[in-house]
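Here the structure is laid out as C-alpha cells; the discussion comes afterwards.
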Amino acid sequence: MKKYTFKGGVHPSHCKEQTARLPIEDFPAPAVAVIPLSQHMGAPAKPVVAKGDRVLVGQLIGEPGGNVSAAVHSSISGTVRSIGPFAHPSGRLINAVEIENDGENEAMLYEPIGSRWDEAAPGELVQEIAAAGIVGMGGAAFPTHIKLSPPSHKPIDTLIINGAECEPYLTDDHRIMLEMTESILVGALIMKKILSAKNVFFGIEDNKPDAIAAVQNKLSSSRFDSIILSILKSKYPQGGEKSIITAITRRKVPSGKLPMNAGCVVHNVSTALAIYEAVMEARPLYKRVVTVMGTKVNSPKNLMARIGTPVRALLEACNVNIAGAKKIILGGPMMGTALSDLDAPIIKSTSAILVLDQVTEAVRKYPCVNCGMCVRVCPIRLIPSRLAKFVEKDNFEDAVAWNIMDCIECGSCTYICPAKINLVQYFKLGKMKINAARAAKRQAG
C-alpha cells in the first residue's frame, strides 16, 4: 500500500520494544484520588461538590467554567476530603477535589444513547460527549465537543483518526488499536455523523504492522466501508495535526488558522474510544491508558488507570528505581513535561510516564553556525534559527511576522541542532510573552 508522509521531520529511535507487546492491565483504584479541576485547555471547571459529600464513580464533580472548558468526574466512590490547591503535572498548584476511596466502587448510572446513535441528532451526540468531559487525549486536551461543533460557514469534509503515535516510547494508542479496534471505529463513525464528513481516514505509522492488520481486518466489514486506512511512514512528528493532514490529504492549514480552515478535523484514537464509551455506555472520561516505561523501569506496563491516581503509585507498581532516576517525564521525550512532584496525579492528557537514568544538559553549548538543519526538519516550514534570535533579543514584532505562533513545539529543531541550542524553549518563551502582551492589551481596552 502507498505510504503517506510530509516534508521535514526527524527520525529518533522508536524505543517502543519495552511495552509494545504488553496487554493493557487494569490498575487498582487509589486509596485517595486528587482530581484537578483543570485538565484541559481553557477555563478550569467549577466544583459542584463540597467537603464531606459522598460521590460515586463517574459523578460530576466539576462543571465547565466557561465557553472553552470541560466537565470533570470522580474516578472513585467515596467522601470528598477537601477542595483546594494540589500538585499538578504542570508543576503548579491547581485546584483539585480530593476524594477518599470507600472501596465500594459504586458508580453513577446514566442512560446511554447506545445502539440508536445512528438515529440520534448530531446535537444530541455532542451533548453526550460534552457531558462526559471528553478532551483530546493525544496531549493537547482541547475540549472535544468544541472541535466537533465547527461554525456553519466552515464545513468539514474530512475526519482523520490519528493512530500515528510518533512520539518515542509511547505505546498506549498502539495497544488500544490492538485491543479495542472495533470501539475506535464505531467512535469514528459517531464523529463522522456529527460532522457530516464525506471522508474518514485512519492513519497508522508503518512501525505498527500488527495494529495495521487489526484495523484492516475490521475494515473488511461493510459496516466500516466508509473508513479508509492510510499507512504513514514512521517519522516524527507524523502525529501532529498539521503533519497528518498534509500527509494524508496534501492540504495545508493556513498560517494562524485551525485544521477546520482546511476542511479537516483530527482526533486521536484514545479520544475516539472515549467517545464510543460515552455514547454507547454512558461512561464519562475518568480513566485512561498510561504507558510506564524507561531505563529505570523494571516492570514496564500499559495500565488502565483512574484519573487522580498519584504518579508515584504507578511507578511503584512498575518496580521503578526512583532513587536512581535522573528525570521523570509525563509523555514522551520530545514533547513531554518533566515532573517535579511524584504525588501529582495522572490527568486526562497523561499518555505515559517515562523514567530516564540520563539527563541532557539544558544549556546552549555552541553558537549557531547557520547550517540550516533546523529549517530542513521543521514540519511547519519555519526558520527556527532566526526565530530564536528574535526571541533572544526580545524582538517579538519580527518573531510574529516570521510566524512564530505557527510553531507546534514538536522539538524537531532542537533534536537535530548540532550546536545543541534549545530552540523550542525559545519559541515557548516567545509565544508565552506574546500571548501575555496580547492579553494585557485586551484588558487595557
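The values are calculated or read from the model by the stated rules, or taken from the named source; none is laboratory data. In this text, all values refer to a predicted model and were calculated from it rather than measured experimentally. Here the Cβ positions follow ideal geometry from the backbone for every residue, glycine too, while neighbour counts run over all protein chains shown. Note: areas computed on protein heavy atoms with side chains; ligands, DNA, RNA excluded. Shrake-Rupley method; radii C 1.70, N 1.55, O 1.52, S 1.80 Å.
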Exclusive hit being among the aliphatic types (A, V, I, L, M), closer than 15 Å to Ile275 by Cα and either part of a strand (DSSP E or B) or open to solvent by 20 Å² or more (accessible area, probe 1.4 Å) (or both), set Ile161, Ile176 = Ile161
Residue check, Gly8 against (1) more than 24 Å from the chain's Cα centre (by Cα); (2) in contact (Cβ under 8 Å) with a residue 40 or more places away in the chain; (3) more than 21 Å from Met137 (Cβ to Cβ); (4) part of a loop (DSSP other than H, G, I, E, B), all met but one. Which one?
-> (1)
Selected residue (only one of Lys296, Lys301 is closer than 19 Å to Arg21 by Cβ, open to solvent by 10 Å² or more (accessible area, probe 1.4 Å) and outside the structural domain of Cys15 (by TED's automatic domain parsing)) | Lys301
Got at least one residue in the stretch 34-45 being more than 18 Å from Val135 (Cα to Cα), under 21 Å from the mean Cα position of the chain (by Cα) and assigned to a strand (DSSP E or B)?
-> yes
Being farther than 20 Å from Val311 by Cα and among the hydrophobic types (A, V, I, L, M, F, W, C) narrows it down to one of Val72, Val68, so name that one.
-> Val68
Please work out which one of (1) of a type in the set (A, V, I, L, M); (2) out of contact with any Lys or Arg (no Cβ under 8 Å at 6 or more places or on another chain); (3) more than 30 Å from Gly123 (Cα to Cα) is the condition Ile161 fails and give its number.
-> (3)
Among the candidates Gly65, Gly91, Gly52, residue that is part of a loop (DSSP other than H, G, I, E, B), closer than 24 Å to Gly332 by Cα and either open to solvent by 20 Å² or more (accessible area, probe 1.4 Å) or in contact with a Leu (Cβ under 7 Å, 6 or more places away or on another chain) (or both) = Gly91
Residue check: is Asn199 at pLDDT 95 or above, open to solvent by 50 Å² or more (accessible area, probe 1.4 Å) and within 25 Å of the chain's Cα centre (by Cα)?
-> yes
